[in-house]
Amino acid sequence: MHVALLQMRLLLPSRTLKEKRAIVKSVLARARNRFNVACSESALNDQPADAELCFVTVANSATRSRQLLQELEYWLVSERPDLQIIDLQVEDL
């Protein structure tokens with residue numbers, strides 16, 4: 001079993017924490033449903049225009065776990081063009 005972590009920092013089109021919460025909740029729920037990953041907002045909780053999200057997956061091989069996280073990244077870029085990825089890190093745990 002291989003565990004992989006994807007951390008991404010996003011620039012959001014929100015001006016208030018309420019708007020940010022709506023965007024983050026939507027992205028996390030849709031990622032959970034579509035890719036069966038564990039995910040959460042891990043930092044920058046009090047900044048309305050920035051978010052740091054973490055996604056974790058478990059697979060039979062390191063290649064498959066990284067592939068799934070790459071698919072998630074591509075999905076996010078195509079599904080939410082209003083969000084800008086500032087930083088991206090993938091780690092095998």
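The values are calculated or read from the model by the stated rules, or taken from the named source; none is laboratory data. Computed from a prediction, not measured in an experiment: that's the story for all the values here. We place every Cβ from the backbone using ideal geometry, glycine too, and count neighbours over all the protein chains shown. These area figures cover heavy atoms from the full protein model, side chains too; ligands, DNA and RNA do not enter into them. Shrake-Rupley method; radii C 1.70, N 1.55, O 1.52, S 1.80 Å.
Values for this structure:
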{"item": "Only Lys, Arg (+1) and Asp, Glu (-1) charged, at Cβ; the chain dipole about Cα centre in debye", "result": "360"}
{"item": "Residue order for 78, 65 - accessible surface, 1.4 angstrom probe, largest first", "result": "78, 65"}
{"item": "Environment charge of residue 90, counting only residues whose C-beta is closer than 15 Å and scoring Lys/Arg +1, Asp/Glu -1", "result": "-3"}
{"item": "Tilt relative to the chain, helix 62-79 - C-alpha long axis, 0 to 90 degrees, to 10", "result": "30"}
{"item": "Percent carbon-and-sulfur accessible area, the chain, ignoring ligands, DNA and RNA, probe 1.4 Å", "result": "49"}
{"item": "Mean separation of Cα contacts under 8 Å, 6 or more apart, over the residue count of region 38-93: relative contact order %", "result": "22"}
{"item": "Accessible area in square angstrom per residue, the chain, 1.4 angstrom probe", "result": "60"}
{"item": "Folded to 0 to 90 degrees: helix 17-35 orientation relative to the chain principal axis, Cα", "result": "20"}
